[in-house]
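Take this structure, written in structure tokens, and hold onto it; I'll ask about it next.
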Amino acid sequence: MAITKTATPSPVAPGALLTYSLWVMNTGSTPIHDLVIQDAVPVSTTFHACGGADECQNVSGAVRWKLANLGAGLMRVVTLVVQVDADAPAGGLIRNFGYQVSTREGVVAIGDALETALTGGGGASLYLPAMRK
């Protein structure tokens, strides 16, 4: 079993929605059952939505998906959508790590950390047109 993650858009602007896709693959030759996928809402973001599983929920920044089973050689994608804080610093990074999947059979796979760069600047901008005398 393996788990990996992608982020779109990348880079992302402060205030924008950022979608993580977590790809769970059964690399074995038999089905696996009662999968639990876990991820944390990254710092400088707010939970927006999750999907792609039989069940998903966010409890205090810990997101959990549940899948009844995954056949041998098959893959499933679940999603986590967060909103980047509007005041997140330009040039900074959104770091997402600590995601994993476990099964009733006792198989556990842990994913690699993912960093997404921030573009632009946080905060409001002001436009003042030039005036002529």
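Here, each number is a calculation from the coordinates, and none is a lab measurement. Keep in mind that what you see is a predicted model, and the values were worked out from it rather than measured. Cβ atoms come from the backbone with ideal geometry, glycine included; neighbour counts cover every protein chain shown.
Going by how many other beta carbons lie within 10 Å of each one, how would you line up TRP65, TRP23, fewest first? Present the calculation step by step, with values, prior to reporting the outcome.
On the way: TRP65 24, TRP23 14.
Listing TRP65, TRP23 from fewest to most nearby Cβ atoms yields TRP23, TRP65.
Working out 0.36 nm times the residue gap between SER60 and ASP112, then minus their Cα-Cα distance, what length gain in nm do you get to one decimal? Walk me through the intermediate numbers first.
On the way: separation 52, 0.36 × 52 = 18.72 nm, distance 2.23 nm.
Length difference between fully extended and current span is 16.5 nm.
In addition: Could you work out how far apart the two model spin labels at THR6 and ALA86 are, taking each label as a point 7 Å from the Cα in the direction of the beta carbon, and quote it in nm?
3.1
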